[in-house]
Amino acid sequence: MQSTFSIQFSPLQGYTDAIYRRAHALLFGGVDCYYSPFVRIEHGEIRRKDVRDIDPDNNAGVRLIPQLIASGQDKAERIMEHFAEKGYREADLNLGCPFPMLAKRHNGAGMLPFPEEVEEVLTDLVERFPQIAVSVKLRLGWDDPQECLRLLPLLNRLPLSHIVLHPRLGKQQYKGETDMDAFSAFYEACEKPLFYNGDLMTVADIEEIRIRFPRLSGVVVGRGLLGNPALAVEYFQGHPLEEGDKMERVRKLHEMVFDAYSKQLQGGDAQLLLKMKAFWEYLLPDADRKARKAIHKATKLDTYRTAVASLLRG
């Protein structure tokens, strides 16, 4: 397979933080880069947890592209200044987040119906921060798939490193069908390196997209990699990991994440247990249902760890 095609790890708030990224990169890898969950300003300041999450010291061994979300030029500039201060030379502007509370304030996909706002923010970022390669992640639009096409002349004109397109509307959130015809129209007219994002759960899903759109630079995968952390490795090597090997890596992944959270979280066993239950929300969806249920129902760490051990034994 040609080496120019890459798989990138899409961010999911609450799941793909620095702790998870470090562990995945060490034990599985196979991805070209990881995007951070979006960094944003709340109550006039960049959120502390976002600052901690993208700190280079917390991302050793990881090629991280920090992602920002902002409703205007001033906020976007402040976040990019922070990225620059931390030494980042890549950054991604989120124009794809569909969450209504953010979108109604012209964040994420909520900015797509307002091309003049997109132009103001994006043009300012690439002009003020020439040392940072800027990419854009977007949807087809908020409620009209033509919105992304109306932005395309701007995107083609600006010196963007690449574009990631998820072929749903913002108002769909993560429901309903992807619009592959609309993606195809964007693909045909896009002059930048383009990545596909959306509903890629298996090696076959990735290969189907690659065959249909042979000029793609790659794909950006989120839930598929959370469900099968070996997905990228298995795609590029052309066959699945041996089951025993995969489960041993998952066991080590769990232990690394568990140990790191036990040191970081200050809320005692209850907070750690809640965080670790979320770790299993996507992971190994086809694993033993009884063991998964036991993990979900656990009220003490000892019970939780026993349930995890049972699941990993198969």
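Being part of a helix (DSSP H, G or I), over 25 Å from Arg22 (Cβ atoms) and within 20 Å of the chain's Cα centre (by Cα), is that true of even one residue in the range 286-300?
No, there is no match, as no residue in the range 286-300 is part of a helix (DSSP H, G or I), over 25 Å from Arg22 (Cβ atoms) and within 20 Å of the chain's Cα centre (by Cα).
Being modelled with pLDDT of 95 or more, small (Gly, Ala, Ser) and assigned to a loop (DSSP other than H, G, I, E, B): is that true of Ser135 here?
no
If only one of Asp74, Asp53 is under 23 Å from Lys104 (Cβ atoms), out of contact with any Cys (no Cβ under 8 Å at 6 or more places or on another chain), at pLDDT 95 or above and not in a loop (DSSP other than H, G, I, E, B), which one is it?
Result: Asp74 is the single residue among Asp74, Asp53 that is under 23 Å from Lys104 (Cβ atoms), out of contact with any Cys (no Cβ under 8 Å at 6 or more places or on another chain), at pLDDT 95 or above and not in a loop (DSSP other than H, G, I, E, B).
Need the failing condition index for Leu149 against (1) within 26 Å of Ile7 (Cα to Cα); (2) under 19 Å from the mean Cα position of the chain (by Cα), just the number.
Among (1) within 26 Å of Ile7 (Cα to Cα); (2) under 19 Å from the mean Cα position of the chain (by Cα), the lone unmet condition for Leu149 is (2).
Given the residues Asp55, Asp32, which is the only one that is open to solvent by 30 Å² or more (accessible area, probe 1.4 Å) and under 29 Å from Asp245 (Cα atoms)?
One residue alone meets the criteria, Asp32.
Among Leu151, Leu160, which is the only one that is touching a helix residue (DSSP H, G or I) at 6+ places or on another chain (Cβ under 6 Å), open to solvent by less than 40 Å² (accessible area, probe 1.4 Å) and more than 19 Å from Arg223 (Cβ to Cβ)?
Result: Leu151 is the single residue among Leu151, Leu160 that is touching a helix residue (DSSP H, G or I) at 6+ places or on another chain (Cβ under 6 Å), open to solvent by less than 40 Å² (accessible area, probe 1.4 Å) and more than 19 Å from Arg223 (Cβ to Cβ).
Under the condition of being aliphatic (A, V, I, L, M) and in a loop (DSSP other than H, G, I, E, B), which residue from the range 256-285 is least open to solvent (accessible area, probe 1.4 Å)?
Selected residue: Leu283.
Is there any pair linking a residue in the range 301-313 that is over 19 Å from Glu248 (Cβ atoms) to one that is assigned to a helix (DSSP H, G or I), with Cβ under 8 Å and at least six apart or on different chains, and which?
From residues that are over 19 Å from Glu248 (Cβ atoms), the pairs are Leu301/Asp269; Leu301/Leu272; Leu301/Leu273; Thr303/Ala294; Tyr304/Leu273; Tyr304/Met276; Tyr304/Lys277; Tyr304/Ile295.
The values are calculated or read from the model by the stated rules, or taken from the named source; none is laboratory data. What you see is a predicted model, and the numbers here were worked out from it, not measured in a lab. Here Cβ is always computed from backbone atoms with ideal geometry, including for glycine, and neighbour counts include all displayed protein chains. Ligands, DNA and RNA are stripped out before the accessible areas are found, and what is left, the full protein with its side chains, is counted by its heavy atoms. Shrake-Rupley method; radii C 1.70, N 1.55, O 1.52, S 1.80 Å.
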